[in-house]
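Working notes, beginning with the structure itself.
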Amino acid sequence: MSGSEESGAGGSQTLGELGEAGVLKDIFATLTTTDSVLVGPGDDTALLAVSGPVLATTDAMVRGRDWLDEWSSAHDVGVKVVMQNLADLAAMGGVGTGLLVTLIAPGALPARWARDLTAGIAEISAATGVPVIGGDLSSSDGAVAVSVTALGEVPGGRAVLRSGAEPGQEVAVSGSLGRSAAGLEVLRRSGTDGSPSGRHTGLGAGPGAGPAAGWVAYHRRPDPDLSQGPAAAAAGATAMLDVSDGLVRDGGRIATASTVRIDLDEAAIGALAEEFVSELGSAPALDCVLTGGEEHSLLATFPVGTVPPGWTVVGHTAEAGTAGPGVWWRGERTTGGGWDHFGG
Ligand SMILES: [Mg+2]
């Protein structure tokens, strides 16, 4: 750690030296709230005013599994773990109303890391208007894990499930596909040896230049347009999810839940891959779009002619037939890649 990094508030203190009360005091001081939060952090539970059905989802990130310190700062992790949860709410047509955050870390972890994590969480919380309403701290023998639980509601009153797609509908995505995977690939190619080109150096200054730096930034801090979730619900989306494990694998989840076949459009996928071709090559570029995870763009099905503005049609649904539900690419059933925590 450089001298300048030591000089901020907290310096080289560890979590153990700061103590739980000190850590919590630091964290709560940075957070904003909303009128719906009747009781915020500090009591036994939070008390939240709600007006109807409640969405609830949770997602955790573990150091060494879900991020590498060489590639992602604590701030990045804070932004990403919250965004993953908010994308899950958006994927139901919902918006967030509150976040519960749990940090599990060894006492030897620099307090600065926890503060930077909190800064990332506070930043995305303020940007999206979703308050942190509580959380927990626990210690470990070395593992660092951050877990976020997000609560939300459905503004339009109709939650969009994965199971509502019907044959003869359009399959569309809001925003990008493959940027996070392309960013990860750029990081991989830059090496893991901690060399300057492979280290986190801030937005726009990462490995590569121009578009590649943008993909790396997106991998570290995904930035899907969450407003498209409620917009899709209002437009009549019949099934929806966010792309966390790749177009093929997540599309397969809609296909299975809805008992339909999804045929991907080669021209549309090729157009989306174009962005990555010059930097990564044709096959990897296509792979990013088809199987790249952690994008958190929304994937939904719509009756023909009702796809909202700004969405890109990437395929269509058909009767599952005797082959059963699944995703077809270039005339063949495909299962794609994506990360499986227990299957590898
Ligand atoms: Mg999801």
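The values are calculated or read from the model by the stated rules, or taken from the named source; none is laboratory data. Note that the structure is a prediction, hence the values are computed from the model and not measured. FYI the Cβ positions are ideal-geometry reconstructions off the backbone, even for glycines, and counts take in every protein chain you see. Areas reflect the complete protein model, heavy atoms only, side chains present, ligands, DNA and RNA absent. Shrake-Rupley method; radii C 1.70, N 1.55, O 1.52, S 1.80 Å.
Could you identify the single residue in G78, G94, G107 that is closer than 29 Å to V160 by Cβ and touching a strand residue (DSSP E or B) at 6+ places or on another chain (Cβ under 7 Å)? Can you show your working first?
Numbers: G78 fails: touching a strand residue (DSSP E or B) at 6+ places or on another chain (Cβ under 7 Å); G107 fails: closer than 29 Å to V160 by Cβ.
G94 is the lone residue from the list that is closer than 29 Å to V160 by Cβ and touching a strand residue (DSSP E or B) at 6+ places or on another chain (Cβ under 7 Å).
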query = What strands (runs of 3 or more DSSP E) completely inside the stretch 264-331 contain at least 1 residues that are under 20 Å from A237 (Cβ atoms) and open to solvent by 30 Å² or more (accessible area, probe 1.4 Å)?
reply = 298-303, 311-319
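Residues of the stretch 1-27 being in a helix (DSSP H, G or I), at pLDDT below 50 and more than 29 Å from the chain's Cα centre (by Cα), which ones? Walk me through it before giving the result.
Residues of the stretch 1-27 that are in a helix (DSSP H, G or I), as a first pass: 3-6, 15-27.
Within this subset, residues satisfying the condition of being at pLDDT below 50 are 3-6.
Those that are in a helix (DSSP H, G or I), at pLDDT below 50 and more than 29 Å from the chain's Cα centre (by Cα): G3, S4, E6.
Name the single residue that is nearest to the ligand (Cβ to nearest atom) among those in the stretch 91-105 being of a type in the set (A, V, I, L, M, F, W, C) and touching a helix residue (DSSP H, G or I) at 6+ places or on another chain (Cβ under 8 Å). Let's see the steps before the verdict.
Filtering the stretch 91-105 down to residues of a type in the set (A, V, I, L, M, F, W, C) leaves 91-92, 95, 99-101, 103-105.
Restricting the remaining residues to those that are touching a helix residue (DSSP H, G or I) at 6+ places or on another chain (Cβ under 8 Å) gives 91-92, 95, 99, 101, 103, 105.
Details: A91: 5, M92: 9, V95: 15, L99: 16, V101: 18, L103: 22, A105: 26 Å.
The residue in question is A91.
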ask   = Tell me, which residue of the stretch 47-78 that is within 14 Å of the ligand (Cβ to nearest atom) and hydroxyl-bearing (S, T, Y) is surrounded by the most Cβ atoms within 10 Å (Cβ to Cβ)?
value = T57
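Looking at the stretch 332-342, which of the residues that are of a type outside the set (D, E, K, R) and open to solvent by 60 Å² or more (accessible area, probe 1.4 Å) is modelled with the highest pLDDT? Walk me through it before giving the result.
Start the filter on the stretch 332-342 by keeping residues that are of a type outside the set (D, E, K, R), which leaves 334-339, 341-342.
Right, trim to open to solvent by 60 Å² or more (accessible area, probe 1.4 Å) and you get 335, 339, 341-342.
Working: T335: 87, W339: 49, H341: 52, F342: 53.
Once the filter is applied, the top-ranked residue is T335.
On the basis of being within 16 Å of the ligand (Cβ to nearest atom) and among the β-branched types (V, I, T), does T312 make the cut?
On the way: within 16 Å of the ligand (Cβ to nearest atom): no; among the β-branched types (V, I, T): yes.
When the stated conditions are applied, T312 does not pass them.
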message = Just checking, does the stretch 178-194 include any residue being surrounded by fewer than 21 Cβ atoms within 10 Å (Cβ to Cβ), among the charged types (D, E, K, R), part of a helix (DSSP H, G or I) and at pLDDT below 95?
response = yes
ask   = For residues in the stretch 225-251 being in contact with a strand residue (DSSP E or B) (Cβ under 7 Å, 6 or more places away or on another chain) and in a loop (DSSP other than H, G, I, E, B), which is nearest to the ligand (Cβ to nearest atom)?
value = V243
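Kindly provide the set of residues from the stretch 327-337 that are under 30 Å from the mean Cα position of the chain (by Cα) and at positive phi, ordered by number. Before you say what the answer is, go through the steps one by one.
To start, the set of residues in the stretch 327-337 that are under 30 Å from the mean Cα position of the chain (by Cα) comprises 327-330, 332-337.
Once the filter is applied, which keeps residues that are under 30 Å from the mean Cα position of the chain (by Cα) and at positive phi, the stretch 327-337 yields R330, G336.
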message = List pairs: first residue in the stretch 156-171 and modelled with pLDDT of 95 or more, second residue of a type in the set (K, R) and surrounded by 15 or more Cβ atoms within 10 Å (Cβ to Cβ) anywhere in the structure, Cβ distance under 7 angstrom, at least six positions apart or on different chains.
response = R162/R253
ask   = Within the stretch 109-122, is even one residue at negative phi, under 20 Å from the mean Cα position of the chain (by Cα) and open to solvent by 50 Å² or more (accessible area, probe 1.4 Å)?
value = yes
key: Conditions (1) modelled with pLDDT of 95 or more; (2) open to solvent by 10 Å² or more (accessible area, probe 1.4 Å); (3) more than 16 Å from the ligand (Cβ to nearest atom): number failed by A257   = (3)
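Would you confirm, using the coordinates I've provided, whether V81 is assigned by TED's automatic domain parsing to the domain that holds L31, of a type in the set (V, I, T), crowded, with 18+ Cβ neighbours inside 10 Å and closer than 30 Å to P309 by Cα? It would help to see each step written out before you state the result.
Details: assigned by TED's automatic domain parsing to the domain that holds L31: yes; of a type in the set (V, I, T): yes; crowded, with 18+ Cβ neighbours inside 10 Å: yes; closer than 30 Å to P309 by Cα: yes.
Answer is yes for this residue.
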